[in-house]
Amino acid sequence: MAQMPPLPEQPYRDVVSATELMPFRSKKISLRHSRALLPLTATAITCVVLFTIGGQISTVTDVMNYMRVLAVFLVFAMFAGVYYYVGERKNMAWYLVPVVITVVQMWFLLQPYFYVFRKLLPGDIKATGFMSAFMGMFFGAGLMEELLKAVPALLGLLIALRLRKSGQPGGVVTRGLALQGPADGLLMGMAAGAAFILVETLQQYVPNTIAQVAQNTRGDQGLALMMGFVLLLPRVLNGVIGHMAWAGISGYFVWLA
């Protein structure tokens, strides 16, 4: 086996510089402007909140609050990973707008969606038979959900087209909301998908699972909460290849329009 070449000799110095002892003092490093500052700060705050809630859990509400904080951090971490990977320079705070739009739709506008996709269109998700069930899930679940998550990107596209038509650069708000490129469309979709995951998982699937397990086990609340937690993690983590991914693809193609 060939031997590895020796490492080059390092110049010897009697004195260690201040930046070698404390690298954060280097003039080449600015923690305040570092793109790692936000995720590191979010991680630290999340840990403090989780320890605080976990140390005084006494009710089901406390457990649900613990799950909510953990779920929000997980979707943020997945979103931030893509945000930094694609090198998007648009401030991350703007992607709270797609989150708010999606949450508002799911809390207040679901009935119109249900009426259009499950009444007017063949979207009966409870239909039996292969073709009927397929059409029901296609219209009543898939198509409806993807349109709901694509609304923020579509609104951003409308603002961008309006700015282009007017020939004006727009203000800070309109520029921030306008769809600015393929990565922006991707991230708008992913932010909407993250909101969809949180609402669907924490408002529907986890509470329903807890209630069902408690009923089947004749009131074993501990087991019911554990099963809710077991469901929470894979449903949220699956978002990076599920709701967030599909909505991100939709946002990307909206920009191509």
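The values are calculated or read from the model by the stated rules, or taken from the named source; none is laboratory data. Model, not experiment: these values are computed from the prediction. In this analysis, Cβ positions are derived from the backbone assuming ideal geometry, glycine residues included, and neighbour counts consider all displayed protein chains. Remember, those area values only see protein heavy atoms, side chains included, never the ligands or the DNA or RNA. Shrake-Rupley method; radii C 1.70, N 1.55, O 1.52, S 1.80 Å.
Structure data summary
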quantity: Candidates per trypsin sites (Lys or Arg not before Pro) in the stretch 46-110, loop by DSSP, up to 13 other Cβ within 10 Å; calculated: ARG89
quantity: Cβ-based charge dipole, the stretch 144-207, positive-most Cα from PRO169, PRO207, MET144; calculated: PRO169
quantity: Of all accessible heavy-atom area on the stretch 99-257, the percent that carbon and sulfur account for (1.4 Å); calculated: 69
quantity: Prolate/oblate/rounded label for the stretch 32-132 (Cα gyration tensor, a/c 1.5); calculated: oblate
quantity: Using a Förster distance of 35 Å, the FRET efficiency for THR43-TRP107 (Cβ separation, nearest 0.05); calculated: 0.80
quantity: Charge dipole (the chain, unit charges on Cβ, about Cα centre) - positive-most of PHE51, LEU38, ILE159; calculated: ILE159
quantity: Point-charge dipole on Cβ atoms (K/R +1, D/E -1) for the chain, about Cα centre, debye to 20; calculated: 760
quantity: Gyration tensor (alpha-carbon) shape descriptor, the stretch 150-201, a/c threshold 1.5; calculated: prolate
quantity: Dipole magnitude of the stretch 114-199 about its Cα centre (Cβ charges: Lys, Arg +1; Asp, Glu -1), debye to nearest 20; calculated: 280
quantity: Long-range amide H partners of LEU121 with built H, under 5 Å; calculated: none
quantity: Label point distance in nm, ILE241-PHE253, each placed 7 Å from Cα along Cα→Cβ; calculated: 2.1
quantity: Cα-based shape type of the stretch 115-194, given that a ≥ b ≥ c are square roots of the gyration tensor eigenvalues and the cut on a/c is 1.5; calculated: prolate
quantity: Among ALA133, LEU225, ALA194 - extreme Cα towards positive end, dipole of the chain, charges at beta-carbon; calculated: ALA194
quantity: Estimated dipole of the stretch 140-257 in Debye, rounded to 20 [Cβ of Lys and Arg +1, of Asp and Glu -1, Cα centre]; calculated: 400
quantity: Distance between the stretch 80-111 and the stretch 197-237 - C-alpha centres, whole angstrom; calculated: 26
quantity: Label-point separation in nm, THR59 to VAL173, each point 7 Å along Cα→Cβ; calculated: 3.8
quantity: Rough spin-label spacing in nm, given labels placed 7 Å along Cα→Cβ, for PHE51 and TYR84; calculated: 2.2
